[in-house]
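Following: one structure in structure tokens, then a few remarks.
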């Protein structure tokens with residue numbers, strides 16, 4: 001059965017379960033965004049989810065509003081989160097980077113990380129009051145590795161750029177290769193100057209070794225797009241360019257995704273990105289939690305969100321839920337190329353004793369997360 005954008009099937013289930021609702025209760029949700037247009041654009045995903053929450057809220061006795069806070073570069077994220085809480089928003093969606101997110105967590109507000117993909121936030125820097133709806137680099141790398149190994153493209157030539165993000169994703173790729181049985185046959189850092197003609201050097205850059213696929217870590221887009229069709233061997237490219245693992249892609253069509261895509265396009269006048277989708281998921285999670293808890297205070301909502309029974313529909317063919325060890329939202333990862341979504345992970349055949357969604361990212365035995373409050 002396909003879920004409607006408003007989660008109609010879930011609403012019916014809630015009503016049949018006879019869950020209590022506080023009639024007429026308004027739940028304010030805050031959103032923290034950097035004060036620059038590209039980073040703040042994902043607010044549109046949250047605005048769409050408010051519409052969806054208010055549709056389901058007619059049945060549960062709740063209404064929802066969005067309180068938006070834009071942060072200049074010098075602003076204190078903790079003070080901004082505290083202002084939102086003072087205005088009644090104890091649940092806050094964050095579009096901030098990792099450093100500013102951790103500062104915001106000091107406010108004590110319950111935060112939904114919709115933008116930062118740093119693995120450290122789910123491990124040594126985890127916080128009890130942060131829930132992660134954005135996929136991290138480990139989940140993305142694991143998804144890609146599963147697909148490549150399933151295709152028997154197990155010999156990888158790893159190329160990477162010089163930014164910290166490039167280094168972090170390259171490390172996630174190394175981990176994923178080891179985890180799923182791929183072999184990195186060589187590593188090649190990209191060192192060409194920006195004012196050179198590196199496209200003329202790609203063949204030489206990738207020769208001298210046999211490989212099934214070139215995996216690339218180039219989050220800034222400095223060179224990855226130059227690789228396809230210029231390699232020494234006729235091989236596919238995957239990673240940050242080529243076949244790309246994503247939390248969401250504008251070409252997603254299965255499991256009712258077209259409905260979500262069309263409604264977002266109508267609202268925002270542009271396609272939906274992975275960060276838009278994460279912001280939408282965060283607000284929808286609050287709406288779902290309110291229906292389950294029957295009330296809107298932050299403590300009750302947090303308890304509902306982290307309950308083993310919590311399930312969230314996300315137009316990915318699976319019910320989504322939060323991991324108890326690092327508060328990461330379990331979710332499929334899409335593998336997209338220029339011609340559409342090619343596949344989704346977890347890939348069939350990669351097993352797990354609890355759920356195959358936990359084959360993506362840091363599993364419970366591997367976690368370095370030790371929940372210690374909001375420190």
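Quick notes on this one:
- In this label model, residue 368 and residue 82 are separated by 3.0 nm, measuring between points 7 Å along each Cα→Cβ vector.
- The residues 229, 277, when put in order of fewest to most other Cβ atoms within 10 Å, stand as 229, 277.
- On Cα atoms only, tilt of 257-268 relative to the major axis of the chain in degrees: 80 degrees
- Sequence-separation-based contact order of the chain, relative, with Cα cut under 8 Å and 6+ spacing, percent: 21 percent
- Spatial offset of the range 27-68 relative to the range 242-313 amounts to 11 Å, using the alpha carbon center of each.
- Normalised by 2.2 N^0.38 Å, where N is the number of residues, the C-alpha radius of gyration of the range 280-375 stands at 1.22.
- Highest mean packing comes first when the peptides 52-60, 350-358 are listed by Cβ atoms within 10 Å, giving 52-60, 350-358.
- Relative to the longest principal axis of the Cα atoms of the chain, helix 43-60 runs at roughly 40 degrees.
- Antiparallel bridge percentage (DSSP; both residues within the chain; nearest 5): 25 percent
- Distance cut-off 18 Å, percentage of C-alpha pairs in the range 52-125 lying past it: 44 percent
- Among 364, 94, sorting on how many other beta-carbon atoms sit within 10 Å of each Cβ, with the fewest leading, yields 364, 94.
- Residues 253, 288 in ascending order of nearby Cβ atoms (within 10 Å, fewest first): 253, 288.
- The long axis of helix 274-293 is offset from the longest Cα principal axis of the chain by roughly 30 degrees.
- Calculated mean residue ellipticity at 222 nm for the chain: -10000 deg cm²/dmol, from DSSP H runs with n ≥ 4 weighted as -39500 (n - 2.57), summed, divided by the residue count and rounded to 500.
- The range 30-180, relative contact order in percent, only Cα pairs under 8 angstrom and at least six apart counted: 18 percent
- Full extension of the chain between residue 269 and residue 150 yields a length gain of 39.1 nm, computed as 0.36 nm times the residue separation minus the alpha carbon distance.
- Label point distance in nm, residue 185-residue 67, each placed 7 Å from Cα along Cα→Cβ: 5.7 nm
- Considering only alpha-carbon pairs that sit under 8 angstrom and 6 or more positions apart, the relative contact order computed for the range 138-245 is 32 percent.
- Shown for the chain is the translational diffusion coefficient from the Stokes-Einstein equation, using the Kirkwood radius over Cα pairs, a temperature of 37 °C and a viscosity of 0.692 mPa s: 154 µm²/s.
- Beyond 23 Å, the tail of the calculated P(r) for the range 138-245 holds 18 percent of the Cα pairs.
- Modelled spin-label separation between residue 124 and residue 192, with each label point placed 7 Å from Cα along the Cα-to-Cβ direction: 3.5 nm.
Where a number appears in this text, it was derived from the coordinates with a stated rule and is not lab data. Small disclaimer: the values here were computed from a predicted structure and weren't measured. Counting neighbours? That spans all protein chains shown, and the Cβs are built from the backbone with ideal geometry, glycine included.
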